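Visitor: Questions regarding the structure given below will be posed in turn.
The values are calculated or read from the model by the stated rules, or taken from the named source; none is laboratory data. Bear in mind that the values here come from a model prediction, so they are computed numbers and not experimental data. A quick note on method: Cβ atoms are made from the backbone with ideal geometry, for glycine too, and the neighbour counts reach across all protein chains shown.
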Amino acid sequence: MKIDYILPYVDNTDPVWQKTYDKFCKNNCLTKENKIRYSPNVLFKFVFRSIEKHMPWINNVHLIVQSKS
């Protein structure tokens, strides 16, 4: 039985999101290393490869992204 996979994504380069994130993260969590690690290119590469390799029961992947206001 095949199922669909829903992948939510938030752009961590968005200044509004960063301001809200900084409000809750007291130790400067968005370091340079974290920004690189969670960049869309790196993140999506590994997520989609992992789904393809290890989750053959996935039928469709639905990517949900935030909208810019």
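Visitor: Could you please give the count of residues in segment 32-69 that are assigned to a loop (DSSP other than H, G, I, E, B) and at pLDDT below 90?
Guide: 6
Visitor: Specify the residue that is modelled with the lowest pLDDT; the eligible residues are those in segment 15-31 that are exposed (fewer than 10 other Cβ atoms within 10 Å of the Cβ) and in a loop (DSSP other than H, G, I, E, B).
Guide: Within segment 15-31, the match that is modelled with the lowest pLDDT is Asn28.
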